[in-house]
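Read the structure below first, then the notes.
No lab work stands behind these numbers, since they all come straight from the coordinates. Note that the coordinates shown come from a computational prediction; the quantities given were computed from them, not determined experimentally. Here the Cβ positions follow ideal geometry from the backbone for every residue, glycine too, while neighbour counts run over all protein chains shown.
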Amino acid sequence: MVGTIRFPHLGIALPYVIKSVHVFGVEIACYGMVLAAAMVTGILLMMKIAGRTGQNQDAYFDFGMIAVLAAVVCARIYYVAFSWDYYSAHPGEILNLRGGGLAIYGGIAGGAAAAAVFCKVRGMNFLRAADTAVPALAWGQMIGRWGNFFNREAFGTYTDNLFAMQLPVSDVRTSEITREMEAHILEIDGVRYVQVHPTFLYESLWNLGVFLILLFLTFRRKSVSRGTVTLWYLLLYGAGRFWIEGLRTDQLLLTGTAVPVSRLLSAVLVLAAAVCLGIKRFTAE
């Protein structure tokens with residue numbers, strides 16, 4: 001049945017996963033609702049962390065609203081820039097966010113830039129603000145990945161592991177079906193399915209782990225120097241993203257190459273964060 005999402009080895013078959021709901025005649029995409037939930041709860045969590053660490057919660061509300069707006073705009077710009085072959089031929093789709101198309105690294109860059117300006121204007125310490133924000137960022141990423149679940153996107157290539165996910169062929173983009181996936185297409189009750197890595201789930205679970213580690217670092221009895229929590233976020237998230245990105249079939253490629261830009265950025269972030277953490281540890285001794 002079209003709309004069904006199955007996890008055969010877990011014994012889970014969701015008969016019809018909606019992509020949108022209608023409210024007073026207006027169609028609202030589940031993708032958008034999930035992202036909204038991620039943003040709202042992320043800002044509230046950041047304010048809570050700020051309060052627990054003796055900072056002004058109201059300042060972090062303003063901080064969060066501005067950073068989120070900048071992150072969404074830059075995440076879209078990043079995605080469009082590295083998918084320009086498609087968007088140059090379909091310019092009307094550039095502003096269409098309903099079908100997805102936000103790249104997290106663009107969002108992180110945009111949010112960080114907005115945060116730097118905000119901290120400068122408000123007289124806040126940027127590293128302290130970043131350390132307060134990154135646990136909430138990991139939380140938001142954990143929730144936000146479920147938008148990909150509703151959109152049937154950001155999945156990996158064929159697998160038969162425990163978490164293998166089956167999607168109707170008619171529900172996914174043809175360009176994201178690899179030869180390996182095509183060779184393993186299944187027909188169940190007259191519907192053709194691809195069986196893939198649920199990379200949205202992998203990343204959501206990974207981000208949950210990152211979130212818990214960052215909370216531990218934030219509230220541990222022995223305080224850490226400013227910037228340390230942020231560096232651990234970059235190291236841990238980058239490592240997970242490097243692995244997971246290698247499984248996906250919808251990678252954004254560095255222009256003119258076959259290099260996945262997110263894997264490259266992940267590797268750079270992991271290396272840079274590891275070096276900086278090593279330097280901080282060495283200079284502290």
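Values as computed for the structure displayed
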item	result
Among ALA130, PHE282, PHE63 the positive-end extreme of the charge dipole of the range 5-284 (Cβ point charges)	PHE282
Helix-only [θ]222 nm of the chain, DSSP H runs n ≥ 4, -39500 (n - 2.57) each, per residue, nearest 500	-19000 deg cm²/dmol
Straight-distance crosslink candidates among aspartates and glutamates, where the alpha carbon sits under 15 Å from LYS19 and sequence neighbours closer than 8 are dropped	GLU27, GLU153, ASP171
Cα-centred dipole magnitude for the range 31-150, charges only on beta-carbon of K, R (+1) and D, E (-1), debye, nearest 20	260
Dipole magnitude (debye, nearest 20) for the chain, charges at Cβ of Lys, Arg, Asp, Glu	1220
Neighbour count of at most 16 Cβ within 10 Å plus DSSP loop: longest trypsin sites (Lys or Arg not before Pro)-free window in the chain	20-97
Listed candidates [x] 44; [y] 55; [z] 48 - label of the one calculated as percent of Cα pairs over 26 Å apart	[z]
All lysines inside 27 Å of LYS48 as judged from Cα atoms, apart from same-chain residues fewer than 8 positions distant	LYS120, LYS222
